[in-house]
Amino acid sequence: MSRPPYIVRKQELPLKGDSTSLFLQVIISIAVFIFAITLSGVLAINSMLENWNQSILGSLTVQIMPVNDTNQEKAMSETLAYQEKAVEFLQNVKGILRVVPLKDEQLKMLVQPWLGDGVNIENLPMPRIIDVKLDTDADIDFLQLAKDLVVASPQASLDNHKLWLSKLIRFADGLKMIATTVLILVVGISAGAIFYTTQMSLGLHKYIIEILHVMGAKDAYIAQQYAKRMAFLGISGSLFGILLAIPTIFFIGSLAVQIEGGIISEANLGIVDWLIILSLPIFATTIAVWTAYYTVKRTLQKML
């Protein structure tokens with residue numbers, strides 16, 4: 001006796017031909033696209049802050065103002081003498097690992113973008129810059145250090161980047177707050193769209209659902225059918241959205257790379273960041289499935 005063929009169980013609710021299916025796929029695609037772009041921005045800002053902490057918090061800058069004198073050679077000689085005094089003082093401070101005066105070529109490269117190519121920098125009174133690397137575990141009183149530095153070298157001034165960095169951090173935190181708000185709105189709007197379209201579908205199939213209840217079907221069984229259909233719509237829509245988002249993220253990243261020396265160029269996405277972004281289809285599908293499931297159960301409890 002031959003084995004009977006596999007029996008394919010048909011779905012009692014005609015959800016595949018539901019007019020809301022395409023609408024939900026589009027909504028989920030747009031939501032995942034916006035979510036991915038915004039999330040990549042948040043992750044990039046976190047990376048930027050981490051790079052700032054590594055490159056800025058462990059350093060400070062000492063500026064030696066140029067001596068004013070009609071004799072340029074004498075002025076330069078006195079300015080370099082003040083620089084040597086500052087270097088000698090800083091090398092003896094506990095917690096300072098390295099003291100490096102910038103060379104003339106480096107100073108020219110720093111001011112060239114501001115003055116332009118047509119200016120002869122060599123004829124200008126150039127301040128001297130000293131790059132100081134700090135021990136991150138050292139407890140340094142910067143106010144006292146600045147006072148002692150002026151005593152050792154009157155033309156010297158200290159900049160520990162804290163004021164500048166605190167403004168950048170506040171700016172970055174503001175961007176993260178805006179981005180987080182966008183993420184919450186995207187999730188809320190998407191869940192709301194799924195909620196109302198599911199309720200609309202339940203209204204359209206009300207009589208079929210009543211017949212299923214008469215036949216003994218439970219609310220959980222009907223909710224599972226909606227959840228399965230939503231799983232398909234969620235994964236298909238979110239995959240399309242993430243496929244659109246990935247090249248967009250790379251395009252935005254290429255624009256940031258073109259900003260030479262800019263703070264935005266410090267924003268990079270690592271492997272973990274990309275794994276989080278690529279996991280968005282799973283996250284979006286999970287939200288869609290659970291929203292549909294609990295919407296059906298809650299609505300049926302009120303309808304019947």
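Can you find, within region 112-140, the residue that is surrounded by the fewest Cβ atoms within 10 Å (Cβ to Cβ) among those that are β-branched (Val, Ile, Thr), modelled with pLDDT under 80 and within 21 Å of residue 73 (Cα to Cα)? Ranking the candidates gives 119 first.
For first residues located in region 176-198 and closer than 16 Å to residue 289 by Cβ, partners that are among the acidic types (Asp, Glu) and not in a helix (DSSP H, G or I) and lie 6+ apart or on another chain with Cβ distances below 9 Å form the pairs 197/18.
Across region 98-111, what is the number of residues that are modelled with pLDDT of 85 or more and either part of a loop (DSSP other than H, G, I, E, B) or over 21 Å from residue 150 (Cβ atoms) (or both)? Of the residues in that region, 2 qualify. Residues 234, 270: which one is at pLDDT 75 or above and surrounded by fewer than 17 Cβ atoms within 10 Å (Cβ to Cβ)? Testing whether each residue is at pLDDT 75 or above and surrounded by fewer than 17 Cβ atoms within 10 Å (Cβ to Cβ) leaves just 270. When 175, 183, 145, 165 are checked against the criterion of being among the aliphatic types (A, V, I, L, M), part of a helix (DSSP H, G or I) and modelled with pLDDT under 80, a single residue qualifies: 165.
Which is among the small types (Gly, Ala, Ser), open to solvent by less than 60 Å² (accessible area, probe 1.4 Å) and part of a helix (DSSP H, G or I), of 190, 157?
The unique qualifying residue is 190.
If you go through region 69-92 and keep only what is out of contact with any helix residue (DSSP H, G or I) (no Cβ under 7 Å at 6 or more places or on another chain) and not in a helix (DSSP H, G or I), you end up with 70, 71, 92. Considering only residues that are open to solvent by less than 20 Å² (accessible area, probe 1.4 Å) and within 30 Å of residue 37 (Cα to Cα), look in region 194-225 and name the one that is modelled with the highest pLDDT. This residue is 194.
Per-residue answers, yes or no, for (1) modelled with pLDDT under 85; (2) over 32 Å from the mean Cα position of the chain (by Cα):
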site: 229; (1), (2): yes, yes
site: 248; (1), (2): no, no
site: 252; (1), (2): yes, no
site: 280; (1), (2): no, no
site: 285; (1), (2): no, no
site: 302; (1), (2): yes, yes
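Number of residues in region 76-103 that are more than 14 Å from residue 64 (Cβ to Cβ) and open to solvent by less than 80 Å² (accessible area, probe 1.4 Å): the value is 3.
The values are calculated or read from the model by the stated rules, or taken from the named source; none is laboratory data. Predicted model only: the values in this text are computed from it and were never measured. As a convention, Cβ positions derive from the backbone with ideal geometry for all residues, glycine included, and neighbour counts pool all protein chains shown. Protein only, heavy atoms only, side chains kept; ligands, DNA and RNA dropped before computing areas. Shrake-Rupley method; radii C 1.70, N 1.55, O 1.52, S 1.80 Å.
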